[in-house]
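These notes concern the structure reproduced below.
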């Protein structure tokens, strides 16, 4: 089961994401902001971090370095304006923020498959 840490300051949105992602088969934790997320990630790593800029307290370039110090996995940023989207790579992507979580669930499943194949390709002793 893929563990997802959602950083969302709005409790009703956080509840929606948590319920929908859990129903889709993900292990979900929710934190209200950057400080709580960093503290949580220090105690218990998550495989994927899902957030938006307001919940993290500012633009991606401001909070991503702090998040990267404790989380090396994929980061999904929701609701970024097209002009401010960071360069996307294997570990950073952006999606629209919506009550329709189908695109987020599909993205998380794709990332889960990539992680599964990556770990399967790593030799074990």
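Here, each number is a calculation from the coordinates, and none is a lab measurement. Since this is a predicted model, take the numbers as computed values, not measurements. Neighbour counts are summed over all protein chains in view; Cβ atoms, including those assigned to glycine, are modelled from backbone coordinates with ideal geometry.
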### Task
Taking the chain as the reference, fit the longest principal axis to its C-alpha atoms, fit the long axis of helix 11-23 to the helix C-alpha atoms, and give the angle between the two in degrees, 0 to 90, nearest 10.
20
### Normalised contact order of the range 3-121, rounded percent, pairs of Cα under 8 Å and 6 or more residues apart
23
### Message
What does the extension gain come out to for residue 116 and residue 59, with contour length at 0.36 nm per residue minus their alpha carbon separation?
### Response
17.5 nm
## Note on the structure
In nanometres, the difference between 0.36 nm per residue of separation and the alpha-carbon distance of residue 91 and residue 39 is 16.7 nm
#### Entry: Computed FRET value (nearest 0.05) for residue 72 with residue 9, which takes r as the C-beta separation and R₀ as 30 Å
0.80
### Three-way shape label, the range 12-58, alpha-carbon gyration tensor, a/c 1.5
oblate
### Task
Compute from the Cα atoms of the chain the Rg and the Dmax, the latter being the longest Cα-Cα distance, and quote both in angstrom.
13.9, 47
### Angle between the chain longest axis and helix 102-121 axis [Cα atoms, degrees, rounded to 10]
30
### Summary
For the chain, the longest principal axis of the Cα atoms and the Cα long axis of helix 60-70 enclose an angle in degrees, to the nearest 10, of 40
### Query
Hey, rough spin-label estimate for residue 16 and residue 106, points 7 angstrom out along Cα→Cβ, what's it come to in nanometres?
1.9
### Task
State the antiparallel share, in %, of DSSP beta bridges confined to the range 1-121, rounding to the nearest 5.
5
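With a 10 Å Cβ neighbour count serving as the proxy for reagent exposure, in which order, fewest first, do 5, 34 appear? Please list the in-between numbers first.
Details: 5 25, 34 18.
In order of increasing Cβ crowding within 10 Å: 34, 5.
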